[in-house]
């Protein structure tokens, strides 16, 4: 039987598993729906992880290392939840120890072979982490929407609504971003921001709309900011988001440090306006990389556990 290491990148909306041989060759892939136990019932989450692993591991193979990467990995400190995941994975033939790390660690490992550096995650929330010997040793941010998440999709979406409110309470002309925010919030393209009476009513409507749903739903407006990046209102939000995320990175780096900085998450991807601005803000001090595939990072970390520090990175 072929010995394999399996890494799983567990997200809230999708889960990806990758198995690799000791040579670094990819042996199989598997996918499933979201399986983070912070946002799904543990039994359902575990079953989805097991399904992804089962699809990634050929029938004639033996799993000698299994590593799960997820946001909010502290959830797996609960023995009852660990037992649910172990049971599900044992049912698909995984008999080895199961290791759990953060999404920051797998993101960093997916982008660089360096054992240390910095990873910045910009998704619905935001956090920066220091990586040493492939593991997260300290972090800044990750406090959630109420206390922080500066530069995240939530923060960007909230700023889009706040900026629209400021515009409506002033006399400026509504640009494409403000119109898009109002159209979405009011559920109608019939907006008349040039009418002072309409503007006054729109303020109350927009406040009511934003407060009538879970706060995290404001994150949907982040896509509008990116889509209207040439709008001065959007450009200002993008610039400030990059400044805040850059500050997150600086909080976990030593002065003059030259280790790589890895960017991960939908808000700071390689083609996103915030990602491009953040890369520019950080590139003077270190190499800035974008995380390509969390599953490959998880698989390599699993391979390091299985075969030691000389285990090659997965080859595609």
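The table below lists the values:
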quantity	calculated
Boolean, residue 291 is touching a strand residue (DSSP E or B) at 6+ places or on another chain (Cβ under 7 Å) and farther than 24 Å from residue 29 by Cβ	no
Matching option when the condition is under 30 Å from residue 60 (Cα atoms) and modelled with pLDDT of 95 or more, among 160, 109	109
Test result for residue 234, in the same structural domain as residue 277 (by TED's automatic domain parsing), touching a residue at least 60 places away in the same chain (Cβ under 8 Å) and under 30 Å from residue 286 (Cβ atoms)	yes
Some residue of the range 187-199 being exposed (fewer than 13 other Cβ atoms within 10 Å of the Cβ) and in a helix (DSSP H, G or I)	yes
Qualifying strands (runs of 3 or more DSSP E) (wholly inside the range 1-88; at least 1 residues being in the same structural domain as residue 300 (by TED's automatic domain parsing) and over 27 Å from residue 308 (Cα atoms))	14-20, 26-33
Complete set of residues in the range 280-302 that are buried (at least 24 other Cβ atoms within 10 Å of the Cβ) and not in a helix (DSSP H, G or I)	291
Whichever residue in the range 250-274 is in contact with a strand residue (DSSP E or B) (Cβ under 6 Å, 6 or more places away or on another chain) and closer than 18 Å to residue 235 by Cβ and, among such residues, is surrounded by the fewest Cβ atoms within 10 Å (Cβ to Cβ)	268
Residues located in the range 127-175, provided they are assigned to a strand (DSSP E or B) and either more than 18 Å from the chain's Cα centre (by Cα) or outside the structural domain of residue 197 (by TED's automatic domain parsing) (or both)	132, 137
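The values are calculated or read from the model by the stated rules, or taken from the named source; none is laboratory data. Given the structure is predicted, the values throughout are model-derived calculations rather than measurements. Cβ sites come from the backbone with ideal geometry, for glycine too, and all protein chains shown count toward neighbours.
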